[in-house]
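Written below as structure tokens is the structure these notes are about.
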Amino acid sequence: MPATGVLFRETKADNSLDWKTSPKRQYVVILDGGFRMTASDGESRVIGPGEILLVEDTTGKGHKSEGLGQVRHGISILLAMGTMQIVTLTLRD
């Protein structure tokens, strides 16, 4: 998959966002810290270090996120636009 950009992010420990769509289809790589993500179907899970998400909810209700009291760092790899789906792949030793 060709990438159109890469973003390195630092997110505040208390950062929480209400329902929003993703501006672009993207992979999000969590380097440290964690947050709770809730998808539009109500599924909610804690996302932590070493996890990679494919975020494609560029239309519709989107998702919301809630900080868990830790500063977090991540990388977003921007891809071509797509349809809604959140997939988690965990990379651990």
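Looking across the range 11-32, the residues that are acidic (Asp, Glu) and either closer than 14 Å to Ile47 by Cβ or not in a strand (DSSP E or B) (or both) come down to Asp14, Asp32. Of the residues making up the range 33-47, those that are among the charged types (D, E, K, R) and assigned to a strand (DSSP E or B) number 2.
Can Ser44 be described as farther than 19 Å from Phe8 by Cα, small (Gly, Ala, Ser) and either modelled with pLDDT under 95 or touching a helix residue (DSSP H, G or I) at 6+ places or on another chain (Cβ under 8 Å) (or both)? The answer is no for Ser44.
Just checking, which of Glu56, Glu10 is open to solvent by less than 60 Å² (accessible area, probe 1.4 Å) and touching a residue at least 24 places away in the same chain (Cβ under 8 Å)? Result of the check over Glu56, Glu10: Glu56.
The values are calculated or read from the model by the stated rules, or taken from the named source; none is laboratory data. Because the structure is a prediction, the values reported are computed rather than measured. Here Cβ is always computed from backbone atoms with ideal geometry, including for glycine, and neighbour counts include all displayed protein chains. These accessible areas exclude ligands, DNA and RNA; they are computed on the full protein's heavy atoms, side chains included. Shrake-Rupley method; radii C 1.70, N 1.55, O 1.52, S 1.80 Å.
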